[in-house]
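Any read-out appearing in this document is the output of simple, stated calculations on the displayed coordinates, not a laboratory observation. Small disclaimer: the values here were computed from a predicted structure and weren't measured.
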Amino acid sequence: MKKKILELNISTFSFVDIANRIIELAVSNSSSYVCVANVHMTIEAHNDRDYAEIVNRADLATSDGMPLVWALRLLYGIKQERVAGMDLLPELLNAAEAEDMVVYFYGGTEEMMRQTERFVKIHYPQLKNVSFESPPFRPLSIQEEEECIDRINASGANLVLVVLGCPKQEKWMACMKGKINACMVGIGGALPVLVGMQKRAPEWMQNAGLEWLFRLMQEPQRLFKRYFVTNSLFILLLTRQCLEIKLFRKQK
């Protein structure tokens, strides 16, 4: 089941149910994709209807950020669990080990992929069938795209973990649905945290919805506009949606 927050339809299943569904899609080699949604993605979708449609066509769209969790409660009275990419990623890698799945990491820099390979060998030693690819930071030619699809399918991948960042990774996954025979999950900034290239906020900041502030302190120049502009716009638009829903209920 999905509920609408601004232009996005967010899956309202529990963390365990979403993880299990992803595992089912991966084991069956279903060509599918999962979006891990936060405030940034929600505002991108508000500004770009085509992008909103891409996320809404996803098999699952999880509530990554605490503001989305709070929005679901405010708008619909749903006590939704947070399904964050940083928690989902290790859960999926554990399942991949247990199910002997083939995993393909796609995106990020070459250094990130090298660090990821070292991390996986140490922390997931039973994950034998795993590949790492850092694509060029430019649009691929048609031939390069076809070769990429062939490489991923030839690997036998069940699970493709996509690290291209929002909105590029969601657009890439939507384009690859029906071409890549695997479940694709857009994990974005979760991977550098998992492998130790970045730190994660303390648990109290996560629970208070202040993880964005922790990340801002680490990368102020890159993230200042994203957080202060997008967070302010999100609050404004969510307030408007809340008022519209209340007005609609009064008119019924």
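Brief remarks follow.
- Percent of beta bridges antiparallel (DSSP, segment 2-198, rounded to nearest 5): 15
- Cut-off under 5 Å, modelled amide H: who pairs with Phe132 long-range: Phe105
- For segment 105-121, the Karplus equation 6.51 cos²θ - 1.76 cosθ + 1.60, evaluated at θ = phi - 60°, returns couplings of 8, 10, x, x, 7, 5, 5, 5, 5, 5, 5, 5, 4, 4, 5, 4, 4 Hz by residue, with Gly and Pro reported as x.
- For segment 81-160, the average shadow cast by the Cα convex hull is 6.2 nm², which is a quarter of the hull's surface.
- Isotropic mean projected area of the C-alpha convex hull, segment 114-205 (nm²): 7.1
- Per residue, the convex hull spanned by the alpha carbons of the chain comes to 129 Å³.
- Note that segment 1-88 carries a Kirkwood radius of 13.0 Å, evaluated over its alpha carbons pair by pair.
- Helix 85-99 axis, angle to the chain major axis (alpha carbon atoms, nearest 10°): 40
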